[in-house]
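S.K.: Sharing a structure, written as structure tokens. Questions coming.
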Amino acid sequence: MFSGSIPALATPFRQGVVDEAAFRRFVDWQVENGSSALVPCGTTGEASTIDNDEHHRVISLCAEQAAGRVPVIAGCGSNDTQTALWHIREATDAGADAALIVAPYYNRPSQAGLLAHFSYLAERSDLPIVLYNVPGRTVTDISAETVVELHRRFPDKIVAIKDASGDLTRITAHRMGAGPQFCQLSGDDPLALGGYAFGQTGCISVTANVAPKLCATFHAACADGNFALARDLHERLFPLHRALFADASPAPTKYALSRLHDWFDDEVRLPLAPCSQAGRDAVDAALKGLGLI
């Protein structure tokens, strides 16, 4: 269903507001450089610091600018089930193709709570749902058993997962329980190469924000089974993977984009701070190593 290089889009700000013109240019640049789908309002999009009106506007802008060229997987998660459902309905009206739903954060639901949360949303959503498991940020971990049970209950609605647990064995557990038709996407750029061997089909990526063409080529090589080329591209991209987390994300990503495009500002919102000098140095070195600056 979803495959290849899928950027979790950064949201450009300028003087405290969403820079809509820059975001439209960014969407076009991503599509033109081979990104196979787009994710607005995810972690890298600073969904935690944009208000609800901005959230829904960014999804609408993305769907409008993508204009059907690639799927739009809209970030719709919340630690409140009713708010998540509201986001899903707004994303549906905006023309999104799927909803990315992160595990509820802070309130730390049990696996029974997760089953109830995602089941409630699946029963009421007109969009297919991509689960998003990132326990390093949410604390809550969607277990493999819970993922499999959700797909069993809603095979046409719970269709995929973005897994950023760092545990590649989850891919096998999901495949054995949910079957190969359940779409599995990496949430960790550095692990994407290994993930293909286990059965992942792509990555919802931070690095693709900055190097979309190289990332698209890497994922195409993986899909074609050309692992010699894929390994070479992985090693070329690896310093950038690391540099984009040299400071709190997405500050390094926004700094990198500001180095590539004069129309993309590196502004972030509190409590995030601008990228540190050490982070900037790491990003600059990685961009130079790839010949991007």
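Derivation of every value follows stated rules applied to the coordinates shown; laboratory data play no part. Keep in mind that this is a model prediction, so the values were computed, not measured. So basically every Cβ, Gly included, is an ideal-geometry build from the backbone, and we count neighbours across all protein chains shown.
S.K.: So, counting K/R as plus one and D/E as minus one, what does the shell of residues with Cβ under 13 Å around residue 122 add up to?
M.R.: It works out to a net charge of 0.
S.K.: Shifting gears a bit: By Kyte-Doolittle mean hydropathy of at least -1.0 and Cα axial length of at least 15 Å, which whole DSSP H helices of the chain are selected?
M.R.: For the chain, where a helix must reach 15 Å along its axis and average at least -1.0, the hits are 20-32, 52-66, 81-94, 111-124, 212-223, 227-243, 277-289.
S.K.: Have a look at 102, 159, 39 and tell me which one the Gaussian network model of the chain (Cα, springs below 10 Å) gives the largest fluctuation.
M.R.: It is 159.
S.K.: Using the crude model of +1 on Lys and Arg Cβ and -1 on Asp and Glu Cβ, and no other charge, please compute the dipole size for the chain relative to its Cα centre, in debye to 20.
M.R.: Charge dipole, the chain, about its Cα centre: 460 debye, nearest 20.
S.K.: In terms of modelled amide H atoms, which long-range or inter-chain residues lie less than 5 Å from the amide H of residue 202?
M.R.: 4, 186
S.K.: Among 78, 60, 276, which one shows the highest mean-square fluctuation when the chain is modelled as a Gaussian network with alpha-carbon springs under 10 Å?
M.R.: Maximum among the listed residues: 276.
S.K.: GNM on the chain, C-alpha springs below 10 Å: top fluctuator among 250, 271, 190?
M.R.: The residue that fluctuates most here is 271.
S.K.: Oh, and also: Which values of log₁₀ I(q)/I(0), to two decimal places, follow from the Debye formula for region 4-224 at q = 0.11, 0.12, 0.13 Å⁻¹ with a uniform point scatterer at every Cα?
M.R.: Debye output, listed in q order: -0.48, -0.57, -0.68.
S.K.: Considering only C-alpha atoms, what is the centroid distance from region 203-219 to region 247-293, in Å?
M.R.: A separation of 16 Å, based on Cα centres.
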